[in-house]
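The structure under discussion is supplied below as structure tokens; questions concerning it will follow.
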Amino acid sequence: MSYITIKDVHKRFVRRGQWTEALSNIQLDIEKGSFVSFIGPSGCGKSTLLRIVGGLMEAEEGEIAIGGKSPQELLKAKQFGFVPQSPALFPWRTVLQNMNIPFEVNRQKVFNSEEQGDPISLLKAVGLGDFVHAYPKELSGGMKQRVGIARAFATGAPILLMDEPFSALDEITKEVLMHQLKQIWEEHKKTVLFVTHNIHEAVYLSDKVVVMSARPGRVSRVIDINLERPRDEAVIGTPIFNDYITELRESLRERWG
Amino acid sequence: MEKSTETVTWGVRVRNATGSVMLPLMTFVILFAAWELIVRFMDVQAVILPAPSVIFAELFTSFSFYLPHIGVTFYEAMVGFVIGTVLALIGGVVMSQSRLLERMLLPVAVLAHVTPIVVIAPLFMIWFGFGTFPKILVAAIISFFPMLINSTTGFRSVDESNLEYMRSLHASRWEIFFKLSLPGSLPFLFSAARTCISMSVIGAVVGEMSGASKGLGNVVMVSANYLQMDRMFAAIFLLALMGILLTNAVRVVEKRFLAWHSSGH
């Protein structure tokens, strides 16, 4: 059953006085509670697509329905948990106060309390139990990004939009965060749209990987990742895992020429 | 663990206090000592340059004479500062929200800023008389511009990513302003407030010098006419002291509010 339905979506930008097609004829179905990664070269429009699904941008053509509603309706009802590339923490607020931002704004719309996570235990789950009252300047880049992720899971928003949350981090931190994200996600089972540059991340985390190509941005392949859930680190390096890596790498290479 | 960090911060605090109070104080002591020695040994006449000891003696023996003048100048400067900065903040909000209004209003503000305030002050005296009002007006005008520019810049310099995050929660314009733009621009606002508060003292004095019967600016003018150099210097010292104390008062408030900001330390 499709939860997010993307149909015939086109998006154009004016670049150097000319219309450029950022997204061309996007078709996609995403199931509720699944983890979907978007991977592709820079300029393939994956971040743009994420923002269109999240109601932050509008497409010129096409239709997006999420449980029968438009992205704008869901945006107004605070149904998205957004995790941008830079962690979007307010420096004058402590970690816990930053976790509370979603509850303080747009207050007439309340989150589904059944889907909410406890902020403190989520912070503990990402290893920040001792930093609840710390200010962002006291945290490393990886720690800040963890707060952003914990915040998204704490709100009770059913759809989480993550725009390359790990791309500015070093390899080791990236690895740790990847496992923590998978752990939290398996507990909370939100629908996650995850934009990434990293093949390894995409395979390990996802139920479905959407491969995109650039100029114009389009979906070139959708690969289902049929690895068992719950997953653990033991799956990394197994033949089936490596097959997915190879498949993904080849479909990316085809598009890059 | 906790105890040791406490002692460390205590030690740092003592060292900071020594650095920020004792060292400048020492410089002033040396400066005044040199001044005193030069006046005494080179036999400088008191009508040219009185010795610091004479100035301080005058200050302490006739302090009751200075007190009302301090009060008047302080009052004019403070009221002018509050009016000027509050209006500038309103202007900053308006200009940061609309480029059109910025283009319309900014030239007027720039014109008011580049016109030397010294030539406008006598005009206010003619219009509004010898009372405190024209001085307050000069102080307000002089402290308006730095706050206007800094608040406009501050309200605009919102982090794009934070702004997008607020939009993803469908935050209203007001929520974005009060929860994001305003707290984010506090470093800009405080840095302007430090400039404005010392400017407002200058404004009050400039107002007083173009016609007044009270205030430290008036004391300077009158004592200059009578060559009462000790009195003139005493008033100058008091004005300098007022500027220092007010700037530091802003700094104290800033430190409380901006613990999260690096320049707040």
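Go over the candidates A:241, A:194, A:166 one by one and state the one that is of a type in the set (Phe, Trp, Tyr) and part of a helix (DSSP H, G or I). Even if it seems obvious, please write down each step before you answer.
Working: A:194 fails: part of a helix (DSSP H, G or I); A:166 fails: part of a helix (DSSP H, G or I).
Of A:241, A:194, A:166, the one residue that is of a type in the set (Phe, Trp, Tyr) and part of a helix (DSSP H, G or I) is A:241.
Another one. Give the residues of region A:90-142 that are outside any helix (DSSP H, G or I), away from chain B (no Cβ under 14 Å) and of a type in the set (A, V, I, L, M), sorted by residue number.
So in region A:90-142, the residues outside any helix (DSSP H, G or I) come out as A:90-94, A:100, A:105-112, A:116-118, A:126-128, A:132-135, A:139-140.
Within this subset, residues satisfying the condition of being away from chain B (no Cβ under 14 Å) are A:112, A:116-118, A:126-128, A:132, A:140.
Passing the criteria: A:126, A:128, A:132.
Yes/no matrix, rows are residues, columns are (1) of a type outside the set (Lys, Arg); (2) out of contact with any Pro (no Cβ under 8 Å at 6 or more places or on another chain); (3) open to solvent by 10 Å² or more (accessible area, probe 1.4 Å); (4) over 21 Å from residue B:166 (Cα atoms):
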position	(1), (2), (3), (4)
A:95	yes, no, no, no
A:101	yes, yes, no, no
A:112	yes, no, yes, no
A:116	yes, yes, yes, no
A:121	yes, yes, yes, yes
A:128	yes, yes, no, yes
A:135	yes, no, yes, no
A:139	yes, yes, yes, yes
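Sticking with this structure for a sec: Would you point out the residue of region A:19-58, among those that are of a type in the set (Asp, Glu) and part of a strand (DSSP E or B), that is surrounded by the most Cβ atoms within 10 Å (Cβ to Cβ)? Don't jump to the end; show me each part of the working.
From region A:19-58, those of a type in the set (Asp, Glu) are A:21, A:29, A:31, A:58; that's our starting set.
Now drop any that are not part of a strand (DSSP E or B), which leaves A:21, A:29, A:31.
Working: A:21: 16, A:29: 14, A:31: 14.
Looking at residues that are of a type in the set (Asp, Glu) and part of a strand (DSSP E or B), I get A:21.
Further, regarding this structure: When region B:163-179 is examined, which residues are found to be within 7 Å of another protein chain (Cβ to nearest Cβ) and either closer than 19 Å to residue B:257 by Cβ or buried (at least 17 other Cβ atoms within 10 Å of the Cβ) (or both)?
Listed by number, the residues that qualify are B:164, B:165, B:166, B:168, B:169, B:170, B:171, B:175, B:179.
For residues that are in a strand (DSSP E or B) and more than 7 Å from chain B (Cβ to nearest Cβ), scanning just region A:72-88, find the one that is farthest from the chain's Cα centre (by Cα).
First pass over region A:72-88, keeping only residues in a strand (DSSP E or B): A:80-83.
Now narrow it down to the ones that are more than 7 Å from chain B (Cβ to nearest Cβ): A:81, A:83.
Values: A:81: 9, A:83: 7 Å.
For region A:72-88, the residue satisfying everything is A:81.
β-branched (Val, Ile, Thr) and farther than 15 Å from residue A:196 by Cβ: is that true of residue A:235 in this structure? Quick ask: steps written out before the conclusion?
Working: β-branched (Val, Ile, Thr): yes; farther than 15 Å from residue A:196 by Cβ: yes.
Yes.
Turning to a different aspect of this structure: With the requirement that a residue be open to solvent by less than 50 Å² (accessible area, probe 1.4 Å) and over 24 Å from the mean Cα position of the chain (by Cα), what does region B:145-162 give you?
Restricting attention to region B:145-162, the residues satisfying the condition of being open to solvent by less than 50 Å² (accessible area, probe 1.4 Å) are B:145-148, B:150-152, B:154-155, B:158, B:161-162.
Hits for region B:145-162 are B:158, B:161, B:162.
Same structure again: Say whether the condition of being modelled with pLDDT under 95, open to solvent by 60 Å² or more (accessible area, probe 1.4 Å) and within 30 Å of residue A:149 (Cα to Cα) is met by at least one residue in region B:127-144.
No, the conditions are met nowhere in region B:127-144.
The values are calculated or read from the model by the stated rules, or taken from the named source; none is laboratory data. The shown structure was predicted, so the numbers you read here are calculated from the model rather than taken from an experiment. Note that we place each Cβ from the backbone using ideal geometry, even for glycine, and neighbour counts take in every protein chain shown. In case anyone asks, the SASA skips ligands and DNA or RNA and just uses the protein heavy atoms, side chains included. Shrake-Rupley method; radii C 1.70, N 1.55, O 1.52, S 1.80 Å.
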